[in-house]
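Taking it in order: structure first as structure tokens, then the write-up.
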Amino acid sequence: MGLEQHAALGGAKKGMGEMELRDYQKEGLRKVQDALDDGKNAIYVLPTGGGKSHIIAALVKHYSNAGKRILICVHRVELLKQISHTLGQFGVEHGVIYRTEYCADAVAVASIQTLVHKRTAYKYDLIVFDEAHHSAANTWIKIKDLFPDARICGFTGTPIRNDRRGLAGMFDVLIEGPKAKDLIASGHLSQLRLWSWPVVDLTGVRTFAGDFNRKQVAEMLDNRTICGDVIDHYNRHCAGKKAIAFCCTVEHAKNVAKQFTQNKIPAKPIYGLLTEGQRNILVDDFVHGRIKVLTSCDLISEGFDVPSASVGIMLRPTKSLIVHMQQCGRVMRINGGNNYGYILDHVGNCLRHGDPQATRIWTLDRGVDVETENLMMRCKKCGALDDNGLLECPECETEYEYKIEHVDAYLRLYGDKNLPTLERMAIALNTRKAWAAYYRVAVKVGA
Ligand SMILES: [Zn+2]
């Protein structure tokens, strides 16, 4: 099935020296092992791009060396290839369970769909779920039922179900690796710069499978005027940089690519129905700069990684925090001299779900703590988003609109933002020396 070929083009090619885990990966590995050895099912959380496949491979190697039988479950063939390749890099012998391929190896990477349909007579001691936020789905529960005695661990950047509830019931402990901000600070992820210009009103759009009805949204978004704006914004903020446009439907992706190309920006749609060979050519053209924009519907999210993209053009509104964070995570990987990732959000995902690189609090029972979200300021002039409690736009330096009053011993700040955002602005305000010297007061916010 061309595993090696795909993995090489998918950007996973690395020298032997890189098989050494980073410090936080070693720490994560140790904590997961401790939990498993303690008889607990563990889920490990690490942002997209943090290198969880390396931790998975090291974990599998550890238990494989101890004589355990291990099954790694994935739900997409792209992930299967990626994990298989990484296991190879770590020198772990393994087989693959996919469609007609079946194996008795002590270590196997398996497609969930194939496992559920064909079952297996083999027993495993440890089941590893990659992209474990899918573990609430029926198929995952079936897998758990197939191997009732096995210990289970999962890996994900977003340990929640699509309805944002937690993964309690499936896992006993949640182990967190570094947050996005830590990985940005340590140079392992690119910092994101965000802009948002919501172009359509989604009120009244029907819901399908828990998300906006894509066909309906595509009809609203797929037109020349909107696409013209999209291209303008790309030219203004990210001209010449390699971009992925996340679209609603394949048709939408094709049309967006056509418009970019007509505007002298080489673009191509990439989608599941293309052959692997065709996709590989597109990715290669993109990596070498012959294509500047790849437009995609679904394909470039989990598992299918396009190296060297630094711009995410959001054209698919989603109600799913998982989808939002994964799409943005695609452009946070460090490539060469690229210092930033750029998000050009035309559908309000960042305003709906908040900054993808913000620190969220994940728990097994409550899911994601919503208080950590929706704290973005949006510049009325340029559309830039910011959640650092600044007083002016970090991109164009336009001052945010707010009203400030000096009442008794307090600074009172009024604006159309929610309280936590105002509080942060107030704190930022007070740390400016001139203001602090003048007022000499504690800053409090009230309405
Ligand atoms: Zn601005």
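For the range 3-178, the fraction of 1.4 Å probe accessible surface lying on carbon and sulfur atoms is 47 percent.
Working note: Cα gyration tensor of the range 185-370, eigenvalues times five, square-rooted, sorted largest first, giving semi-axes of 24, 21, 16 Å. Spin-label model, residue 207 to residue 23: label points 7 Å out along the Cα-to-beta-carbon direction sit 4.5 nm apart.
Summed over the residues of the range 185-370 and divided among them, the accessible surface reaches 40 Å² per residue at a probe radius of 1.4 Å.
Once backbone amide H atoms are built at 1.01 Å from N, residue 109 has 72, 95, 96, 97 as its partners under 5 Å, excluding neighbours fewer than 5 places away on the same chain.
Expressed as a whole percent, the accessible area of the range 225-344 that falls on carbon and sulfur atoms is 51 (1.4 Å probe). Please give the length that would be gained between residue 122 and residue 288 if that part of the chain were fully extended, namely 0.36 nm times their separation in residues minus their C-alpha to C-alpha distance (nm, one decimal). Stretched out fully, the residue 122 to residue 288 stretch lengthens by 55.3 nm.
So for each of 141-154, 64-77, 246-259 I average, over its residues, the number of other beta carbons within 10 Å; can you give me the resulting order with the highest mean first? Intermediate values should be presented prior to the final figure.
Numbers: 141-154: 16.7, 64-77: 19.5, 246-259: 22.5.
Descending packing order for the listed peptides: 246-259, 64-77, 141-154.
Just report the Cα centroid separation between the range 216-262 and the range 345-365, whole Å. Between the Cα centres of the range 216-262 and the range 345-365 lies a distance of 23 Å. When the Cα positions of 124, 153, 138 are compared along the charge dipole of the range 120-199, 138 comes out farthest toward the positive end, with charges on each C-beta of Lys, Arg, Asp and Glu. Placing R0 at 22 angstrom, the Cβ-Cβ distance between residue 139 and residue 163 gives a FRET efficiency of 0.80 after rounding to 0.05.
Given +1 at the Cβ of Lys and Arg, -1 at the Cβ of Asp and Glu and no other charges, the dipole of the range 13-77 around its Cα centre is 280 debye to the nearest 20.
The values are calculated or read from the model by the stated rules, or taken from the named source; none is laboratory data. Please read these numbers as outputs of a predicted model, since none were measured by experiment. Virtual Cβ from ideal backbone geometry, glycine too; neighbours counted across all protein chains shown. Ligands, DNA and RNA are stripped out before the accessible areas are found, and what is left, the full protein with its side chains, is counted by its heavy atoms. Shrake-Rupley method; radii C 1.70, N 1.55, O 1.52, S 1.80 Å.
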